[in-house]
1. Given the protein chains as shown and a 1.4 Å probe, how many square angstrom of E23 are accessible, to the nearest 10?
2. How would R75, R65 rank on accessible area, largest to smallest, probe 1.4 Å?
3. Just to check I understand the Karplus step: with θ = phi - 60° and J = 6.51 cos²θ - 1.76 cosθ + 1.60, what whole-Hz values come out for region 43-56, glycine and proline as x?
4. Taking H as built 1.01 Å from N, whose amide H comes closer than 5 Å to the amide H of G49, not counting residues under 5 places away?
5. Can you list the aspartates and glutamates whose alpha carbon is less than 14 Å from that of K84, not counting same-chain residues fewer than 8 positions off?
6. Report ³J(HN,Hα) in whole Hz for each residue of region 59-72, in order, from the Karplus equation J = 6.51 cos²θ - 1.76 cosθ + 1.60 where θ = phi - 60°; Gly and Pro get x.
7. What percent do you get for the relative contact order of the chain when only Cα pairs under 8 Å and 6+ apart count?
8. Could you order V70, V78 so the one with the most accessible surface comes first? Probe is 1.4 Å.
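The values are calculated or read from the model by the stated rules, or taken from the named source; none is laboratory data. If you're wondering where the values come from, they're calculated on a predicted model, not measured in any experiment. Side chains included, ligands, DNA and RNA excluded: accessible areas come from the protein's heavy atoms. Shrake-Rupley method; radii C 1.70, N 1.55, O 1.52, S 1.80 Å.
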Amino acid sequence: MTRSELIESVAKKNPNLMLSDIERIVNVIFSSITSALAKGDRVEFRGFGVFSIHKRAPRIAQNPRTGDKVKIGDRNIVHFRVGKELHEKLNGN
């Protein structure tokens, strides 16, 4: 589902809200999630899952085209762990 599909889905379920308001709400939610993750906080949606930041250590990689060694510095990776309710819904338990 894309951002625009999400906005359309919310608009169909809430015909009393204006499309521009729904778009602003979705943008604020995504912005808030992004800001929290950028600060190193975890974002938890009960029943859906948890977004958190994991540190990836620096490493030496290889360019697949040329075979040259490339240094890759440490970086932060977004990690998602699915919640129990969503896991059960997806797996039919």
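1. For E23, the solvent-accessible surface is approximately 90 Å².
2. Numbers: R75 120, R65 220 Å².
I get R65, R75, largest accessible area first.
3. With coefficients 6.51, -1.76 and 1.60, one gets 10, 10, 10, 4, x, 9, x, 10, 9, 9, 9, 10, 8, 10 Hz.
4. For G49, whose amide H was placed from the backbone, the distant partners under 5 Å are G83.
5. K84 reaches E44.
6. 7, 9, 10, 10, 5, x, 7, 9, x, 5, 7, 10, 7, 10
7. On the way: 98 pairs, mean separation 19.2, N = 93.
With pairs under 8 Å counted, the relative contact order is 21 percent.
8. Values: V70 60, V78 90 Å².
Descending accessible area places them as V78, V70.
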